[in-house]
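One structure below.
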Amino acid sequence: MREVFVAKKSRQIDNRMQSSGHVVSAAKAHAEQVAAKLAARAVFVQGADTKATKDVFLVLLRFLSDTLGASAQSLDAAELRVVAERADDVGLREERDTATEDLVRIAVRVRSMVVDALGANALRAYGLEGETPRVPRDLVSHARSVAGLMAQKPFVVTVDGVTFDSAAMAETLGKKADVLDKALENMRREEQELADQLGRRDQQVLAWVEEHQGIADTLVGLFRLAGRKDLAERVRPTSRALAGEEVTPAETTTSEAPAGGPVLG
């Protein structure tokens, strides 16, 4: 039975996307009240002429949420390119497996025909002793070797009204070997392309981790300065969330929840 390959997005990537979504939602949902409280704090600390106005903090919060949203989208796009490459691999694996099955069938049949035409003692002369290889690369080598030996030692034999022509056998083996060899070459090319997309995706993961942590940490600080420790704890990045092993908790409180509410770690 053939192995079934399914191309799908990584659960860890999906978790990271959800974590970013929750943080972005929190930044947008609480922007007005947090900006107002920070602006009031700026007036208290710096005086009425402070340049740290509510609008300034709104611009900052919008910048943070937009930057994290863009980072998450870039990560998702990189993952989708990996999924697309893996989807291509699924079709190529099927082509390789079909070509392998065809060549095994022909190779086994040729072996049987050589026995029928020349007897079992002729198997050694054409490299047909032992089991027919099932590993694709070994199978291609085997088929071409047998075809080459048949070209060197041709025969046309009729047994019980059935004619066995080594030239026809060699040609069939060669064509089937070429089909499988091409399928293997396509697989090697796709494996290299997949490796490239995986590398690019992994680079994007590293960039996302830095951006997500930096932005979430900044929001934690801003929320705490605004007197909303409860909200700060909801966007605090954990090592498991950054690794994609869990999802940052979704916002469940309203923007008017009292300070000192339940802390979710």
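At-a-glance table
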| item | result |
| --- | --- |
| Lone qualifier among T218, T158 - being assigned to a strand (DSSP E or B) and either among the β-branched types (V, I, T) or free of Cβ contacts under 8 Å to residues at least 24 places away in the same chain (or both) | T158 |
| Pair list, Cβ < 7 Å and 6+ apart or interchain, from region 54-74 residues that are of a type outside the set (G, A, S) to residues that are open to solvent by 50 Å² or more (accessible area, probe 1.4 Å) | L64/T218; T67/E211; L68/E211 |
| Residue in region 123-140 that is crowded, with 18+ Cβ neighbours inside 10 Å and in contact with a Phe, Trp or Tyr (Cβ under 7 Å, 6 or more places away or on another chain) present | no |
| Selected residue [part of a helix (DSSP H, G or I), open to solvent by 70 Å² or more (accessible area, probe 1.4 Å) and over 30 Å from V23 (Cα atoms)] from D202, D178 | D178 |
| Failed condition for A99, given (1) over 23 Å from K229 (Cβ atoms); (2) touching a Phe, Trp or Tyr at 6+ places or on another chain (Cβ under 7 Å) | (2) |
| Qualifying residue in region 222-234 (condition: within 30 Å of D89 (Cα to Cα), modelled with pLDDT of 95 or more and part of a helix (DSSP H, G or I)) | no |
| Options V115, V83: the member that is in a helix (DSSP H, G or I) and within 26 Å of the chain's Cα centre (by Cα) | V83 |
| Flag if V146 is in contact with a Gly (Cβ under 6 Å, 6 or more places away or on another chain), without any contact (Cβ under 8 Å) to a residue 40 or more places away in the chain and surrounded by 16 or more Cβ atoms within 10 Å (Cβ to Cβ) | yes |
| Residue count for region 28-68, restricted to those that are open to solvent by 70 Å² or more (accessible area, probe 1.4 Å) and of a type in the set (S, T, N, Q) | 1 |
| Check on L80, out of contact with any Cys (no Cβ under 8 Å at 6 or more places or on another chain), open to solvent by less than 40 Å² (accessible area, probe 1.4 Å) and touching a residue at least 40 places away in the same chain (Cβ under 8 Å) | no |
| Filter pass, A72 being of a type in the set (A, V, I, L, M, F, W, C), in contact with a Lys or Arg (Cβ under 8 Å, 6 or more places away or on another chain), open to solvent by less than 30 Å² (accessible area, probe 1.4 Å) and within 30 Å of A35 (Cβ to Cβ) | yes |
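Per-residue answers, yes or no, for (1) of a type outside the set (S, T, N, Q); (2) under 30 Å from E210 (Cβ atoms); (3) modelled with pLDDT of 95 or more:
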residue	(1), (2), (3)
Q46	no, no, yes
T53	no, yes, yes
V56	yes, yes, yes
F63	yes, yes, yes
T67	no, yes, yes
A72	yes, yes, yes
A99	yes, no, yes
A107	yes, no, yes
D138	yes, no, yes
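The values are calculated or read from the model by the stated rules, or taken from the named source; none is laboratory data. Please read all numbers here as calculations on a predicted model, not as lab measurements. Reconstructed Cβ throughout: ideal geometry from the backbone, glycine too, with neighbour counts over all protein chains shown. Keep in mind that these areas ignore ligands, DNA and RNA; they rest on the heavy atoms of the full protein, side chains included. Shrake-Rupley method; radii C 1.70, N 1.55, O 1.52, S 1.80 Å.
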